[in-house]
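Participant: This is the structure I have questions about; it appears just below.
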Amino acid sequence: MPVKAEGVSHFYYDVTALDAVELEIGPGELVAVCGRNGSGKSTLLKCLAGLQKPSMGTVTIDGQPAAKARSKVGLAIQFPERALFGKTIYDDLAFAPKNAGLKDEDVSRRVAYAKEAIGMPDSLLTQPHASLSYGQKRLAGIASVLSARPAYLFLDEPTAGLDYPWKRRIAELLRSLNRSGVTIVIASHDPSFFADICSRLIILDGGQVVSDGAPVKVDLARAGIRSDTLALARKLKECGFDVPETFSPEDLADRVAEVIRRESAGHN
């Protein structure tokens, strides 16, 4: 069953944050929601996750009102590391399953799942979050949401403030979670970074969905997105190179190298 928004509008006093949004996100999708500041990304994410009731319209998850499906949903707020408050990282990862009333052995299994998902060594579980690096805190914050084993994961600007290596690590984590069956929706001001892993890119403008489709086919200019990698890939295709239209420099470099090797072998 999908996440479904029907006629969703939301107002902050006299400001329209969302304007009659119609949207359906199917199980197993990895979706990036983008748009300029004030376009409604964070508000849409909160409404889809059931954390905020829209002023008008409805949001359902698996056929239930979103607010009643909260046990299936995980929401990582902007800077999720700010939600770390336990004495140790174990305490932070254990909070959601304990709050759900699980037995100690089940809590331990949930913590182990979350720890393994982000690649955290056991030695860090007994440490206070203040001892972690900035990137480690970000991962721990996401892991504290994963310990609830959500079927639907919503993330608001998950790579904000991170350098490139940590951004790549977050992206690979999300790709892995999605492959395991978790439906993921990301709100980001930097969607070109996620465009090579997401199956769908939704662009908001003035609280309305103005473009929705495969990342290489949506109206990138309207979202203020510029990708030198995608432009180069398209130019290479025009020149006869068998390369994919991609936002990933690594994927493009690998395919170009493959084409060159194949061409070289053909001339030997």
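The values are calculated or read from the model by the stated rules, or taken from the named source; none is laboratory data. Everything quoted here is computed from the prediction, not taken from an experiment. Counting neighbours? That spans all protein chains shown, and the Cβs are built from the backbone with ideal geometry, glycine included.
Participant: Tell me which strands (runs of 3 or more DSSP E) are completely within the range 1-49 and hold 3 or more residues being touching a residue at least 40 places away in the same chain (Cβ under 8 Å) and more than 15 Å from the chain's Cα centre (by Cα), or say none if there are none.
Facilitator: Once the strands (runs of 3 or more DSSP E) in the range 1-49 are filtered for at least 3 residues that are touching a residue at least 40 places away in the same chain (Cβ under 8 Å) and more than 15 Å from the chain's Cα centre (by Cα), what remains is 3-12, 15-25.
Participant: Could I ask something else about it? Given the structure, is residue 77 under 22 Å from residue 154 (Cα atoms) and touching a Leu at 6+ places or on another chain (Cβ under 7 Å)?
Facilitator: No.
Participant: State all residues of the range 119-133 that are assigned to a loop (DSSP other than H, G, I, E, B), closer than 16 Å to residue 82 by Cβ and free of Cβ contacts under 8 Å to residues at least 12 places away in the same chain; if no residue qualifies, say none.
Facilitator: The one that is assigned to a loop (DSSP other than H, G, I, E, B), closer than 16 Å to residue 82 by Cβ and free of Cβ contacts under 8 Å to residues at least 12 places away in the same chain: 133.
Participant: Among the residues of the range 132-151, write down those that are of a type in the set (Ser, Thr, Tyr) and buried (at least 24 other Cβ atoms within 10 Å of the Cβ).
Facilitator: Selection gives 144, 147.
Participant: Shifting gears a bit: For the range 30-49, give me each residue that is within 16 Å of residue 60 (Cα to Cα) and in contact with a helix residue (DSSP H, G or I) (Cβ under 9 Å, 6 or more places away or on another chain).
Facilitator: Within the range 30-49, 47, 48, 49 meet the criteria.
Participant: Would you check if residue 97 is crowded, with 19+ Cβ neighbours inside 10 Å, over 14 Å from residue 154 (Cα atoms) and more than 20 Å from the chain's Cα centre (by Cα)?
Facilitator: Yes; evaluated as a whole, the condition is true for this residue.
Participant: Additional query: Which one is farthest from residue 17 (Cα to Cα) among residues in the range 50-79 that are of a type in the set (Val, Ile, Thr) and under 17 Å from the mean Cα position of the chain (by Cα)?
Facilitator: In this case the residue turns out to be 73.
Participant: While we're looking at this one, here's another question. Just to check your reading of the model, which residue among 8, 33, 15 is farther than 21 Å from residue 74 by Cα and aliphatic (A, V, I, L, M)?
Facilitator: Criteria check complete, one pass: 15.
Participant: Could you please find all residues in the range 77-116 being modelled with pLDDT under 90 and either closer than 19 Å to residue 186 by Cβ or in a strand (DSSP E or B) (or both)?
Facilitator: Correct list: 77, 78, 79, 80, 81, 82, 83.
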